[in-house]
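Here's the structure, in structure tokens; my notes come after.
Only the coordinates and a few stated rules stand behind these numbers; no lab work does. Bear in mind that the values here come from a model prediction, so they are computed numbers and not experimental data. All Cβ positions, glycine included, derive from the backbone under ideal geometry; neighbour counts span all protein chains shown.
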Amino acid sequence: MGRLWKFEETIDTDVLAPGPYMNAPLSELAGHCLEALRPEFASSVRVGDVLLASDNMGAGSSREQAAEVLKHLGIEAIVATSFAGIFYRNAINLGLPVFVLPSSLTDVPQLKDGAKVSVDFDQSMLTLTDFDMDINLEPLPNFLRDLVADGGLVPHLAKRFAG
Amino acid sequence: MTTLAQKLIAEASGQENVAVGDVVICNVNLAMIHDSGGPRRVKPILEKLDRKVWDPNRVVVVTDHYVPAYDDETRAIQKLTRDWVYDQEIKNFYQEQGICHVVVTENGHIVPGMFCVGGDSHSPTGGAFGAYMFGVGATEMAGVLATGEIWVKVPETIMIEWRNSLSPLVTAKDMMLMTCRSIGLGGGRYQAIQYAGQAVYNLSMQERMTMSNMAAELGAQAGLIAPDEITAEYINNAGGKLPQDWQSYRIETPDLEGEALRFDASSLAPQIAAPHSPANADDAEAFRNIPLDIAYIGACTGAKYVDLKAAAKLLRGRSVAKGVTLKVAPASLLDQKQAKADGTMQILEEAGAQFLPTSCGICAGYGSDRLLEGQVCLSSTARNFRGRMGAANSKVYLASPYTVAASAITGEMTDPRHLMEV
């Protein structure tokens, strides 16, 4: 179980993984994740938290660190009304579950910043634990589900090469 | 009816036909990587998988992000890149020649009919040549380098048609800012965009590259333009191998599922996009009287030879306003050489421009040169996200090289047509 981090504005890759820190080790880069929008994010986010974003989540650069820093900081899943294509692929390749929210951010008033949540990967479901409320998310296509279930593209390929 | 995107993907996947929505595995004809997302990221993954690159002749490596290296970390990245390239026996290695999207095309690597991936989000640039090309992250690139394959979901084609001709001092960059303004940054929905119409076919290859390049800003996977004689001539001059059947990729499908977006090029005014999104564009006139600190002509989007020449057209015999710094980072050594040969560089220099190395420069914010706190920059680059080019509270506006040059002269955001009788 974790908490929900809700962002109403479009999150681009430059605020996730700012260019000036791109030559630093991942742990240092992660410390600057989203600081332009929420300076407290990197220091307060905990393992199991879920990021909720609006349209075109992860727009911009192909830099994979934009997804990797979120995984490094413990984000368990990203839920957004839509994703930028490269970011979506990157997250899946890193084994970080991404789900499309079929409604708008405002349709469900209980989806508040800081709400207690859990994600059921197999059921593609987000549960708001305080309200005992389940929200269905768009399921991943099967072969992408397998990729995430394997832990991402590298373990998936390792399995393929071994087999 | 088969779209250009479908033909390219069908051929790459070895299928007779592919339908929109099909997920297929494609063979990659060319994989391009740079020093940031490339060797330093893919090397450990390939080692973990115990694989070398599947075909060194199909890999192009360009150093452009951490160029020039300026500290121990960035020097280490350059050394790692070199060592890995030699170890993998990759012949197509362009060291500090320019920005990958420009270097790869000016060396004739991209031709109609190819299926290519690039380790950079502006990889749709290759679509200007009638090739399917898109950007991927490092892990996915490592997968491509290990297997020579990648999956794609066959995209819809979103036709963007520009009718009639552009007015003088209005460019491909203005067309793209107008498109961002009209359909927003998610408007490409990770489908394939195809540009068509008289104004598009009138453009030189470098300007077409600007269109395809900024398909990334629209959130499209690819930004295609059907090849024509201009494409063929460019490839021949670049020493590329034009396939015999290149005309078979001259597919225009303007009235497909999903309506085409149509614009009238003749009524387009120079555009400026306000911070922090290319979609915040409006006619340049709407921004008059906003002062700037930095005028930047840079990047794969906005510092190719045609862009430098455009800037020089305004700057000839004029000087940069007091208090403004004009920085110019030509997109490649070849672009710079051409601009030197015809006097373009000299015009820029005499107007007071400062020159930066032929690399990604301030655009990516990776180099030592960055925007300071609160600085206002008008830039010919593609992207103006918060903090991208430096301090989080710096402000980046986007425009064409003409508009950047005009504004450098007056010291405030200026429609270039005010400075020139057209």
Rounded to 5, percent antiparallel among DSSP beta bridges of the protein assembly as shown: 30 percent
May I ask you to give the average projected area over all directions of the convex hull of the Cα atoms of chain B, in nm² rounded to one decimal? 18.9 nm²
Place a +1 charge on the Cβ of each Lys and Arg in the protein assembly as shown and a -1 charge on the Cβ of each Asp and Glu, then give the dipole magnitude about the Cα centre in debye, rounded to the nearest 20. 1060 debye
Taking K and R as +1 and D and E as -1, what net charge do the other residues with C-beta under 13 Å from the C-beta of B:ALA391 add up to? -1
Counting other chain Cβ atoms within 10 Å of each Cβ in A:78-84 and taking the mean gives 2
Listed pairs A:LYS159/B:LYS43; B:LYS153/B:LYS173; A:LYS159/B:LYS48; B:LYS79/B:LYS327; B:LYS313/B:LYS340; A:LYS71/B:LYS43 exceeding 23 Å between Cα atoms: B:LYS153/B:LYS173; B:LYS79/B:LYS327
If R₀ is 25 angstrom, what is the calculated FRET efficiency for the pair B:GLU421 and B:GLU285, using the beta carbon separation as r and rounding to 0.05? 0.90
Expected integer from the mean partner chain Cβ neighbour count at 10 Å over A:87-93 is 4
Using a ≥ b ≥ c from the Cα gyration tensor of segment A:2-162 (square roots of the eigenvalues), is it rounded, prolate or oblate, where a/c under 1.5 gives rounded and otherwise the larger of a/b and b/c decides, a/b for prolate? oblate
Positive dipole terminus of the protein assembly as shown, leading residue within A:TYR21, B:ASN280, B:LEU326 (C-beta point charges): B:LEU326
Along the charge dipole of chain A, which of A:SER124, A:GLY152, A:PHE83 sits closest to the positive end, that is, farthest toward it, with unit charges on the beta carbon of Lys, Arg, Asp and Glu (+1, +1, -1, -1)? A:GLY152
Rounded to the nearest Å, the spacing of the alpha-carbon centers of segment A:28-53 and segment B:287-362 is 38 Å
Taking the dipole about the Cα centre of the protein assembly as shown, with the C-beta of Lys and Arg at +1 and of Asp and Glu at -1, give me whichever of A:PRO102, B:ALA353, B:ALA405 is farthest to the positive side. B:ALA353
Length-normalised contact order of chain B, Cα under 8 Å, at least 6 apart, in percent, tallies to 17 percent
What is the mean number of Cβ atoms from other protein chains located within 10 Å of the Cβ atom of each residue in peptide B:140-146, rounded to a whole number? 4
Within segment A:23-87, trypsin sites (Lys or Arg not before Pro) in DSSP loop having at most 15 other beta-carbon neighbours inside 10 Å: A:ARG46
Evaluate the relative contact order of segment A:1-84 (contact order divided by residue number), counting alpha-carbon pairs under 8 angstrom at least 6 apart; express in whole percent. 39 percent
For the protein assembly as shown, what does the alpha-carbon gyration tensor say about shape, rounded, prolate or oblate, given a ≥ b ≥ c as the root eigenvalues, a/c under 1.5 as rounded, and a/b over b/c as prolate? rounded
Run through the DSSP bridge list for segment B:4-264 and note the antiparallel percent, rounded to the nearest 5. 15 percent
GNM, chain B, Cα, under 10 Å: largest mean-square fluctuation among B:ASN213, B:ASN280, B:ASN393? B:ASN393
Using a basic spin-label model with each label point 7 Å from the Cα along Cα→Cβ, how many nm lie between B:PHE355 and B:LYS48? 4.3 nm
Net charge dipole size for chain B [Lys, Arg +1 and Asp, Glu -1 on Cβ; Debye, nearest 20]: 720 debye
Among A:129-142, A:77-90, how do they line up from the highest to the lowest mean number of other beta-carbon atoms within 10 Å? A:77-90, A:129-142
Could you give the distance between the Cα centres of segment B:95-137 and segment A:127-157, to the whole Å? 33 Å
Would you mind classifying segment B:43-86 by shape? Square roots of the alpha carbon gyration tensor eigenvalues, ordered a ≥ b ≥ c; an a/c under 1.5 is rounded, otherwise it is prolate if a/b is larger than b/c and oblate if not. oblate
Selected from B:TYR132, B:TYR94, B:TYR70 as most flexible by GNM, with chain B as the system and alpha-carbon contacts under 10 Å: B:TYR70
Restricting to chain A, what percent of DSSP beta bridges are antiparallel, rounded to 5? 50 percent
Label-point separation in nm, B:ALA19 to A:ARG46, each point 7 Å along Cα→Cβ: 4.9 nm
Once normalised by the length of segment B:229-316, the mean sequence separation of its alpha carbon contacts under 8 Å that are 6 or more apart gives a contact order in percent of 11 percent
As an exercise, use a Förster radius of 22 Å and the Cβ-Cβ distance of B:SER204 and B:TYR86 to find the FRET efficiency, rounded to the nearest 0.05. 0.05
Determine the dipole magnitude for segment A:31-109: charges of +1 sit on the beta-carbon of Lys and Arg, -1 on that of Asp and Glu, nothing else is charged, the reference point is the Cα centre, and the result goes in debye to the nearest 20. 140 debye
